[in-house]
Protein chains: 2
Amino acid sequence: MTTNFSILASAKALPTTQVMNQELTQLMPTSDNWIKQRTGIRSRHIATTETTTSLAVSVAQQLLHQSQLAATAIDLIIVATMSPDYLTPATAPQVQAAIGAEQAIAFDINVACAGFVYGMQLVHQYLQPGQTALLIGSETLSRLVDWHDRSTAVLFGDGAGGMLISANPSLMTGRWLGSHYATFGTDGHYLTAGQQPRVNPWSVATDEADDNRWAFQMNGRRVYDFATKQVPRSIEQALMQADLKSSDIKAFVLHQANARIVASVGQKLNLTSAQLPLNIAQYGNTAAASEPILFAEMVAQQQVQRGDKLVFTGFGGGLSVGSAVIEY
Amino acid sequence: MTTNFSILASAKALPTTQVMNQELTQLMPTSDNWIKQRTGIRSRHIATTETTTSLAVSVAQQLLHQSQLAATAIDLIIVATMSPDYLTPATAPQVQAAIGAEQAIAFDINVACAGFVYGMQLVHQYLQPGQTALLIGSETLSRLVDWHDRSTAVLFGDGAGGMLISANPSLMTGRWLGSHYATFGTDGHYLTAGQQPRVNPWSVATDEADDNRWAFQMNGRRVYDFATKQVPRSIEQALMQADLKSSDIKAFVLHQANARIVASVGQKLNLTSAQLPLNIAQYGNTAAASEPILFAEMVAQQQVQRGDKLVFTGFGGGLSVGSAVIEY
């Protein structure tokens, strides 16, 4: 397994429409202050004409433009999403078609909010020396939200982010240093969304099928407890595998679910605020898109330099957690 | 990358209810003869109380029972599905919870009918020596069918199949010999299903969103042409990588989409009927579940022996194709 893992480019795409907390008070009993204090969120972008596919395609086009790589040089396209436009075709083949990456194989993975960091591991394992991958997290979570449920609706946003990753030693010096992944399926019922219809001429109605649990349902306390316990553990395990200390890490690119979770993780691991970039105020929780959106902004704002060591950590539905340690 | 790839156990699970062609004539203008002649299908199993998750769990339980392995010895669970019960949690974490595979990481992939063979590649790349994976294809396609559309409704069935795969050299001598994967996203619109609702308080209605393309829509001629052209190519490429001829292969475990596609592939590659196992008559097209259901039956009926060389090929939505060559 190669340890070469070079992020050649990073990009994000957000829907045009930005919805402030204040606007949500017209839909449900909530307030700007309550949302800010509990979550750190001030606004989110919401798809009006955009789709999971169109956002992912925008990211892919930017990645190719930045890197000046031909689409036909791409070997692999993985899209991590829990909010696809179709069950078939998956999102990744539609990205492949839109950019003309004829040589790439393309498929979707679903690990909910941990999807992007799971995808990093799959890319790392897949790429042979000289090969190149597009890894994109893209979500339109707005379609999975009950816009009258103030306990969940205020949390989520739409968007996409991604990376162009190469295992070509001659291009760049980025490296894969370590990782840790874990699944807690017994806690999966604490965070559900997108129950699919289950009807056919022979089907028997069940209590569960009658629930119509399309929209997000979350036991916020349990998910918070899970995240604040398992995220530090996952990071510690990944750092151990990389033989690094937390002080060796320039930045921890954490899934942006809640500013209080990020603060708690930072406290438990004794991190500085400079090590904990945050953009949840602007975007809310964008699930698999959250870490690559944040990372694209860090790169654009020159908050990260070649040679910096970084940790990416995703966590959420499943319940799932994962951390990857890389040298940029 | 290890070349060790031992299938320790294989299993299937089908819904109890079996629906014969004749029964479909009460729902739409079709006939038993027409279905049999065009597709080779005589019946299919349809979920009445079963779910994608319950079928996958049944397969996982059988695999553990057969192998006498403790659930805690499993390192990875991948479920390939295009018909999950929920968008989160994914199916694999629910399997993990049901069997108590606490050490396993678990996630879903969506490559439609090619999902199982893509999963084989991911398992092959993931497993370190000594590690063990559950790979399961599970589908309840009956929920994605318009039961009044005779052009698609007669084709699909529900079911699950899977394998317990080990990279432990001391356990068994199975080997990964070669593979080939390709995606044809520009043809993706020839086979669509499961358009997800796209509604939020700010969304703008579009022609596409108004389509409500929940049920399968297929350009049968185009998909047939794709399969009969790209499946032989994929098999030839995979055999070339494995440095084998088609006559070296005991059986080609092809996705069971249509008996005529299987016959055409056999003709183009000059295969014997003994090399082309078929069970579509009983189950119809079960997408990602089709090859592992067929393989579990071949093993149960002793049609395959340790040391036999086999090709697994999946193809379908995406459009996607993939082939894996292994020694059993």
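The values are calculated or read from the model by the stated rules, or taken from the named source; none is laboratory data. Keep in mind that this is a model prediction, so the values were computed, not measured. Positions of Cβ are generated from backbone atoms using ideal geometry, with glycine treated the same way; all protein chains shown enter the neighbour counts. To get the accessible areas, we keep the full protein, side chains included, count just its heavy atoms, and leave off ligands, DNA and RNA. Shrake-Rupley method; radii C 1.70, N 1.55, O 1.52, S 1.80 Å.
Structure summary
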| read-out | value |
| --- | --- |
| Nonlocal Lys pairs with alpha-carbon distance under 14 Å, the protein assembly as shown (8 or more apart, or different chains) | 8 |
| Exam field: A:Thr49 pseudo-label spacings to other copies (7 Å along Cα-Cβ), nanometres | 5.0 |
| Inter-copy separations for B:Leu27, label at 7 Å along Cα-Cβ, nm, ascending | 3.6 |
| Charge dipole (debye, nearest 20) of the stretch B:1-109; +1 at Cβ of Lys and Arg, -1 at Cβ of Asp and Glu | 460 debye |
| Antiparallel bridges, percent of DSSP beta bridges restricted to the protein assembly as shown (to nearest 5) | 75 percent |
| Cβ-defined net charge surrounding A:Leu141, 14 Å radius [Lys, Arg +1; Asp, Glu -1] | -3 |
| Of all chain A residues, the one whose C-beta is nearest the axis that brings A onto B, in angstrom | A:Gln125, 2 |
| For residues of B:191-197, the mean tally of beta carbons on other chains within 10 Å | 6 |
| Euclidean distance of C-alpha centroids, the stretch A:225-262 and the stretch B:299-328, integer Å | 40 Å |
| Cα gyration tensor shape for the stretch B:250-310, rounded if a/c is under 1.5, else prolate or oblate | oblate |
| For B:175-187, mean number of other protein chain Cβ atoms within 10 Å | 5 |
| Size of charge dipole - chain B - debye, nearest 20, with Cβ of Lys, Arg +1 and Asp, Glu -1, no other charges | 840 debye |
| By average C-beta atoms within 10 angstrom, highest first, the peptides B:263-272, B:134-143 | B:134-143, B:263-272 |
| Among A:Leu55, B:Leu310, A:Asn21 the positive-end extreme of the charge dipole of the protein assembly as shown (Cβ point charges) | B:Leu310 |
| Delta accessible area of at least 30 Å² on complex formation, residues of the stretch A:121-147, 1.4 Å probe, chain isolated as reference | A:Leu122, A:Gln125, A:Tyr126, A:Arg143, A:Trp147 |
| Helix-derived mean residue ellipticity, 222 nm - over chain A, DSSP H n ≥ 4, -39500 (n - 2.57), to 500 | -9000 deg cm²/dmol |
| Net charge of Cβ neighbours under 13 Å - reference A:Thr16; Lys, Arg +1; Asp, Glu -1 | -1 |
| Counting DSSP beta bridges with both ends in chain B, the antiparallel % (nearest 5) | 70 percent |
| Residue mean of other protein chain beta carbons inside 10 Å, B:60-69 | 0 |
| Charged-residue dipole, Cβ positions (Lys, Arg, Asp, Glu), the stretch B:181-323 about Cα centre, Debye nearest 20 | 380 debye |
| In order through the stretch B:294-300: 3J(HN,Hα) via Karplus (6.51 cos²θ - 1.76 cosθ + 1.60), integer Hz, x for Gly, Pro | 4, 5, 4, 6, 4, 5, 4 |
| Solvent-accessible area, 1.4 Å probe, carbon plus sulfur percent, for chain A | 46 percent |
| Ascending list, in nanometres, of distances separating the B:Gln68 label from those of the other copies (7 Å, Cα toward Cβ) | 6.3 |
| Between the stretch A:107-150 and the stretch B:87-111, the alpha-carbon center distance in angstrom | 16 Å |
| Mean separation of Cα contacts under 8 Å, 6 or more apart, over the residue count of chain A: relative contact order % | 26 percent |
